[in-house]
Amino acid sequence: MNLALPKSQKQVKNHYCSGCGHGIIHRLLCEVVDELDIREKIIAIAPVGCAVFGYFYWDFDTAEAAHGRPPAVATGIKRVLPDRVVITYQGDGDLAAIGGNEILHAANRGENITVFFVNNACYGMTGGQMAPTTLLNQKTTTTPNGRSLLDGYPMKVCELLSGLEGVAYAERTAVNSPKNIRSTKNAIKKALECQINGEGFSIVEILAMCPTAWRVDPIESLDVVERDMIGYFPLGIFKEIKN
């Protein structure tokens, strides 16, 4: 096993909470960027929330967008620089809540960008509040008795977007086990290849751990993903169109 960092990943101290899924996803993304040899072509858009810190770890061009607006910024960059590989890296509060309008219309237009959507079922950075993806009965700082139907159903982003004609590729994966981590890396590569081949909008939704906000230890957080999250957010490819 090669434990050396990918060229696209900076040698810096990790700041994420113990057991957080972001570090795994950062590593996978950088491995794929190197394998596809697109380090000099990729431009990432970082949002607001825990996902914003991607630029601490990625050794490639990164821009920052206002809360929920990465798809709009990515659209502008891709249209001006169509030869670049443009991605957004977003959490569930950023993408599914305040950014719901942006992601919906970018997908519907079929913008040739790639979205990596990290779903940990809460607002991680700001204290663990309820997010659009928070599960029913899940306790958060804003739902201390558990999410109820008065708050709506947890939003299934891949299912929602895959019904739009502009979407070429949509898959949901997880990073709670070696098998699922391998599947996530494969999905990241397929989504980037989708953009490189000019096939249209692509998204990978990644179920990830947030032990701090969930108030569990890192080992138990793996079981939460397997038992609770995957039970409601099934893994798999929801749409794949080849030109």
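The values are calculated or read from the model by the stated rules, or taken from the named source; none is laboratory data. This structure is a prediction, so every number in the text was calculated from the model and none was measured. All Cβ positions, glycine included, derive from the backbone under ideal geometry; neighbour counts span all protein chains shown. In case anyone asks, the SASA skips ligands and DNA or RNA and just uses the protein heavy atoms, side chains included. Shrake-Rupley method; radii C 1.70, N 1.55, O 1.52, S 1.80 Å.
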Can you pull the three principal axis extents for the Cα set of the stretch 150-232, in Å, largest first? 42, 36, 19
Within the stretch 148-243, what percent of beta bridges assigned by DSSP are antiparallel, to the nearest 5? 35 percent
Taking the Cα centre of the chain as the origin, how large is its charge dipole in debye, to the nearest 20, when only Lys and Arg (+1) and Asp and Glu (-1) carry charge on their Cβ atoms? 100 debye
For I203, other-chain or 5+-apart residues with amide H closer than 5 Å (H placed, Pro excluded) are V115, Y169, A170, E171
note: the stretch 66-130, Cα-Cα separations exceeding 18 Å make up a percent value of 34 percent
Cross-link reach list, lysines versus K13, counting only Cα pairs under 24 Å and skipping chain neighbours closer than eight places: K185
How large is the helix-only mean residue ellipticity at 222 nm for the chain, computed as the sum of -39500 (n - 2.57) over DSSP H runs with n ≥ 4, divided by its residue count, in deg cm²/dmol to the nearest 500? -9000 deg cm²/dmol
Of F53, F117, F233, the most mobile residue in a GNM of the chain (C-alpha springs, cutoff 10 Å) is F53
Roughly speaking, what is the centre-to-centre gap between the stretch 173-221 and the stretch 83-149 when only Cα atoms are used, to the nearest Å? 14 Å
I'd like the orientation of helix 22-35 relative to the chain: the angle between its Cα long axis and the longest Cα principal axis, in ° from 0 to 90, rounded to 10. 20 degrees
Just grab the label-to-label distance for E226 and I241, each label 7 Å out from Cα along the Cβ direction, in nm (one decimal). 3.7 nm
Got a number for carbon plus sulfur as a percent of the chain's accessible area, 1.4 Å probe? 54 percent
Of E165, E111, E31, the most mobile residue in a GNM of the chain (C-alpha springs, cutoff 10 Å) is E165
Given Cβ point charges of +1 (Lys, Arg) and -1 (Asp, Glu) and nothing else, what value in debye, to the nearest 20, does the dipole of the stretch 130-190 about its Cα centre take? 400 debye
So, R0 is 25 Å and r is the distance between the beta-carbons of L149 and H67; what FRET efficiency does that work out to, to 0.05? 0.40
Please compute the per residue accessible area over the stretch 73-218 with all protein chains in place, 1.4 Å probe, rounded to a whole number of Å². 39 Å²
Identify, among L161, N112, A191, the residue whose Cα sits farthest towards the positive end of the charge dipole of the chain, taking +1 on the Cβ of Lys and Arg and -1 on the Cβ of Asp and Glu, with the dipole about the Cα centre. A191
Which percent, to the nearest 5, of DSSP beta bridges fully inside the stretch 1-125 are antiparallel? 5 percent
Mean-square fluctuation check for the chain, GNM, Cα pairs under 10 Å: which of T75, T114, T126 is largest? T126
Want the number for N137 to H105: 0.36 nm per residue separation, take away the alpha-carbon distance, what's left? 8.5 nm
Aspartates and glutamates with Cα under 14 Å of K242, excluding same-chain neighbours fewer than 8 positions away: E165, E193, E199
Antiparallel bridges, percent of DSSP beta bridges restricted to the stretch 45-193 (to nearest 5): 10 percent
Helix 70-80 versus the longest principal axis of the chain: what is the Cα-based angle in degrees, 0 to 90, to the nearest 10? 0 degrees
Keeping all protein chains in the complex and leaving out DNA, RNA and ligands, what accessible area do you get for T141 with a 1.4 Å probe, in Å² to the nearest 10? 70 Å²
Considering only Y89, L150, H22, whose Cα is most displaced toward the positive end of the charge dipole of the chain, charges sitting on Cβ of Lys, Arg (+1) and Asp, Glu (-1)? H22
Taking a temperature of 4 °C and a viscosity of 1.567 mPa s, what whole-number D in µm²/s does Stokes-Einstein yield for the stretch 6-127 with Rh from Kirkwood over alpha carbon pairs? 89 µm²/s
